[in-house]
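Readers should treat all values here as calculations from the given coordinates under stated rules, not as data from a laboratory. Values in this document were obtained by computation on a predicted structure and should not be read as measured data. Quick reminder, even Gly has a Cβ in these numbers, built from the backbone with ideal geometry, and neighbours come from all protein chains shown.
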Amino acid sequence: MSNRTFTMIKPDAVRAGNIGNILQMINAAGFKIIAMKYTKLSTEKAGQFYEVHKERPFYGELTEFMSSGPIVAAILEKDNAVADFRKLIGATNPAQAEEGTIRKKYAASIGENAVHGSDSDENAKIEGDFFFSGLERF
Ligand code: GDP
């Protein structure tokens, strides 16, 4: 069990003005921010980040969407971070997300679902390393 996870506030949530609301929920749930940046992915970078989904039918749509506007990327720390953060964000499809989850509140569809959360300790490390150098973590 690791105590770190990686998140992005996706372009739809940034466009809707929900950065503050989402960070508030993340803080209220007890996550500490270790690293954070406001940035924008190129289509190519989004493609690299989501490489594992390359063969999925929605890969093109996903990389297009994720490069459609700025995002907030962050590394978060808490006991049991990966599992607890997945619980906080809710199901991939907001229609199936539980009440009180970030996706239930702020996501519009299975594709444009407001936030990313790593699905394993291993991926949390890979994804954090994708965005942040050692000098950017505190
Ligand atoms: P997550 O771990 O809950 O983010 O879900 P997945 O790893 O299964 O998928 C990664 C991301 O791909 C999701 O968060 C969505 O943004 C997107 N995605 C998943 N399924 C679909 C789909 O059926 N259609 C579209 N357009 N995007 C999808």
Within the chain, helix-based [θ] at 222 nm, where runs of 4 or more DSSP H residues each add -39,500 (n - 2.57), nearest 500: -10500 deg cm²/dmol
Under 16 Å from Lys87, Cα to Cα: aspartates and glutamates that are on another chain or at least 8 residues apart: Glu77, Asp79, Glu98, Glu99, Asp119, Asp121
The chain, dipole about Cα centre (Lys/Arg Cβ +1, Asp/Glu Cβ -1), debye to the nearest 20: 360 debye
Cross-link reach list, lysines versus Lys54, counting only Cα pairs under 21 Å and skipping chain neighbours closer than eight places: Lys10, Lys40, Lys45, Lys125
Selected from Glu98, Glu44, Glu77 as most flexible by GNM, with the chain as the system and alpha-carbon contacts under 10 Å: Glu44
Surrounding net charge for Gln48, when Lys and Arg each add one and Asp and Glu each subtract one, Cβ distance under 14 Å: -2
Net charge of neighbours whose Cβ lies under 11 Å from the Cβ of Phe31, counting Lys and Arg as +1 and Asp and Glu as -1: 0
Fluctuation leader among Ala114, Ala81, Ala28 - the chain, Gaussian network, Cα springs under 10 angstrom: Ala28
Residue-wise HN-Hα coupling along the stretch 22-34, computed from phi with Karplus coefficients 6.51, -1.76, 1.60 (Hz; x: Gly, Pro): 6, 4, 4, 5, 5, 5, 4, 7, x, 8, 9, 7, 9
